[in-house]
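The values are calculated or read from the model by the stated rules, or taken from the named source; none is laboratory data. Predicted, not measured: the structure shown is a model, and the values here were computed from it. Neighbour counts run over all protein chains shown; Cβ positions are idealised from the backbone, glycine included. Remember, those area values only see protein heavy atoms, side chains included, never the ligands or the DNA or RNA. Shrake-Rupley method; radii C 1.70, N 1.55, O 1.52, S 1.80 Å.
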Amino acid sequence: MDFGFDERTEELRERLLAFMDSHVYPAEKVFADQVAEADAAGRHWERPAVIDELKAEARGRGLWNLFLAHHPEGAGLSNLQYAPLAEITGHSPAIAPEALNCAAPDTGNMELLAEFGSAEQQQRWLRPLLDGEIRSAFCMTEPDVASSDATNIATRIEPDGGEYVISGRKWWSSGAMDPRCQILIVMGKTDPAGERHRQQSMILVARDTPGVTIKRGMSLFGFDDGPHGGHAEVEFRDVRVPAANLIAGEGDGFAIAQARLGPGRIHHCMRLIGAAERALELMCRRATQRTAFGGPLADQGVIQDWIAESRVRIESARLLVLKTAWLMDTVGNKGAHTEIQAIKIATPAMAEWVIDRAIQTHGAGGVSQDFPLAHLWANARTLRFADGPDEVHKRSLARRELKKYR
């Protein structure tokens, strides 16, 4: 395994780092100010205008759809090539990923449509998503069942002539509060009596379809992620859509979900490494600038221990993520299944630990809106159960290991 940057990756890294310095980091305060202005004007879910400016600039620099490997609109990068680029965007996760049209949930939805969508579905929905003109949401998790087991999904998708009728309730449908969100990918059951992993299907539902009600935006440790499009609770009451909106075929929903989640999990981990690096940088800066008990915080043994331990944990997680990316490229997502689960367990926990120490080093400032640390921590903590909780992945990994000895 050679994790050295090839010429293409190095060229894009230099271009992206320059863009971060010249446009993204300076835009963070502008972004915050525009969010506050929109909120005061009652436009809470509106995306700040600076994002569109950044998107235009990024696209002009060739920093667009970098995540999409096997599509003419993507950059043609492998997972290994994309990893260091996604890490860089993780330094400013509220801005940079969307500026490059590489933000979840749109990335996963675009990959899903590119791989499984019909030509008509791709033209109607994938095309504007690739151009960054609209947003999308993925409606899978439900409030009334343990959605960590996808076979529990209770939403019904019932055929009725040339249509399907959808009834159910979803929540944590990220992006659905955004006025620009136009399409929902909904997972439900078409055959509740069928084989356990063939009961589910996925279907496209335009956000303005009669019977679709956006009930509320959920808060995440007090953050509602309004500028990101929020995390919506959505009700589907006898929602009718054309049969042509079904993605792939009836019973393919579970397999599609698994295919979507693999890349999504590693992309989250790539960005989390960048978030941890940002936290470590802020921790070091704070430690050298603040004095307590007669000397700089940086001279305190406990601070030095946190800094050293943070570096070790970041480097360890990065190597595991790179190995996973390499395996996904060489033996496929199925062949990298163990490593995908491992990074999903290890990386959020690493980032949470590093960010927590950075918060502690900042004192009260660390939990305030004056630094990005509180939001970084909330995101890292949330990813310990988003896309599958730690316990599910550990259970699967343990069973795989035990199987060797039985």
### Query
Out of Gly217, Ile166, Gln123, whose Cα points farthest toward the positive end of the dipole of the range 118-258 (charges: +1 Lys, Arg; -1 Asp, Glu; placed on Cβ)?
Gly217
### Task
With all distinct Cα pairs included, what does the Kirkwood hydrodynamic radius of the range 261-302 come out to in Å, to one decimal, could you say?
12.1
## Note on the structure
One would report the Cα pair-distance distribution of the range 1-123, bin width 5 Å, in %, as 2, 10, 19, 21, 17, 14, 9, 5, 2, 0, 0
#### Entry: Carbon plus sulfur fraction of accessible area for the range 250-406, probe 1.4 Å, in percent
54
### Query
Hey, what do the phi angles of the range 158-168 turn into as Karplus ³J(HN,Hα) couplings, whole Hz, using 6.51/-1.76/1.60 and θ = phi - 60°, x for Gly and Pro?
10, x, 8, x, x, 9, 10, 10, 10, 9, x
### Query
For the chain, modelled as a Gaussian network with Cα springs under 10 Å, which listed residue fluctuates most, Leu261, Leu297, Leu327?
Leu297
### Message
For mean projected area of the Cα convex hull in nm², pick the label among [x] 21.6; [y] 19.1; [z] 28.6 that corresponds to the value derived from the coordinates.
### Response
[x]
### Query
Can you list the lysines whose alpha carbon sits under 17 Å from that of Lys189, skipping same-chain ones fewer than 8 residues off?
Lys170
### Summary
Counting only residues 5 or more apart in sequence or on a different chain, those whose built amide H sits under 5 Å from that of Trp171 are Thr141, Glu142, Val234
### Query
Pulled fully out, how much extra length does the chain show between Glu73 and Lys394, if you take 0.36 nm times their separation in residues and subtract their Cα-Cα distance?
111.9 nm
### Zone of Lys334's modelled label, taken as backbone nitrogen in the range 257-271 under 12 Å from a point 7 Å along Cα→Cβ
259
### Task
Please tell me which of these pairs span more than 20 angstrom C-alpha to C-alpha: Lys334/Lys403; Lys344/Lys394; Lys29/Lys344; Lys334/Lys404?
Lys29/Lys344
### Task
With a cut-off of at most 14 other beta carbons within 10 Å, and DSSP calling the residue loop, which chymotrypsin sites (Phe, Trp or Tyr not before Pro) in the range 284-334 qualify? Please list them.
Phe293
### Query
Kyte-Doolittle mean at least -0.5 and Cα extent at least 27 Å along the axis: which DSSP H helices of the chain qualify?
253-289, 301-335, 337-362
### Message
If you scale each eigenvalue of the Cα gyration tensor by 5 and take the root, what three semi-axes come out for the range 139-279, rounded to whole angstrom and sorted largest first?
### Response
27, 19, 13
### Query
Among bridges DSSP assigns within the chain, what percent are antiparallel (round to 5)?
85
#### Entry: the range 301-406 - charge dipole about Cα centre, Lys and Arg +1 at Cβ, Asp and Glu -1, debye rounded to 20
700
#### Entry: Extension gain from Asp208 to Glu10, taking 0.36 nm per residue of separation minus the Cα-Cα distance
67.0 nm
### Query
What is the distance, in nm, between label points placed 7 Å from the Cα along the Cα-to-Cβ direction at Ala193 and at Gln258?
2.5
### Message
Need one value: the accessible area of Trp172 in square angstrom, 1.4 angstrom probe, rounded to the nearest 10.
### Response
90
### Message
I need the phi-derived Karplus couplings for the range 133-147: 6.51 cos²θ - 1.76 cosθ + 1.60, θ = phi - 60°, integer Hz, Gly and Pro marked x.
### Response
8, 10, 10, 9, 9, 10, 9, 10, 5, 10, x, 9, 9, 6, 6
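Determine, from the Cβ-Cβ distance of Thr288 and Phe223 and an R0 of 30 Å, the FRET efficiency 1/(1 + (r/R0)^6), rounded to the nearest 0.05.
The pair Thr288/Phe223 has a calculated efficiency of 0.55.
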### Summary
Measuring from its Cα centre, the chain shows a charge dipole (+1 at each Lys and Arg Cβ, -1 at each Asp and Glu Cβ) which, in debye to the nearest 20, is 1040
### Task
For the range 237-325, just the Cα atoms, rotate onto the principal axes and tell me the three extents in Å, largest first.
72, 35, 14
### Task
Find, among the trypsin sites (Lys or Arg not before Pro) in the range 178-284, those assigned to loop by DSSP (not H, G, I, E, B) with at most 12 other beta-carbon atoms within 10 angstrom.
Arg196
### Query
Got a sec? Charge dipole of the chain, +1 on Cβ for Lys and Arg, -1 for Asp and Glu; which of Ala176, Leu112, Phe3 is way out at the positive end?
Phe3
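Compute and list, largest first, the equivalent-ellipsoid semi-axes of the range 326-374 from the alpha carbon gyration tensor, each √(5λ) rounded to a whole angstrom. Write down the numbers at each step before the final one.
Values: eigenvalues 243, 18, 9 Å².
So the equivalent ellipsoid measures 35, 9, 7 Å along its semi-axes.
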### Query
Can you give the FRET efficiency for Lys404 and Tyr25, using 1/(1 + (r/R0)^6), R0 = 51 Å, r = Cβ-Cβ distance, to the nearest 0.05?
0.60
### Task
Give the Debye-formula value of log10 I(q)/I(0) at each listed q (0.22 Å⁻¹), with one equal scatterer per alpha carbon of the range 92-164, two decimals each.
-1.04
### Query
Roughly how big is the range 3-107's charge dipole about its Cα centre, with Cβ charges of +1 (Lys, Arg) and -1 (Asp, Glu), in debye to the nearest 20?
120
#### Entry: Longest site-free stretch - the chain; sites: GluC sites (Glu not before Pro), DSSP loop, at most 12 other Cβ within 10 Å
196-406
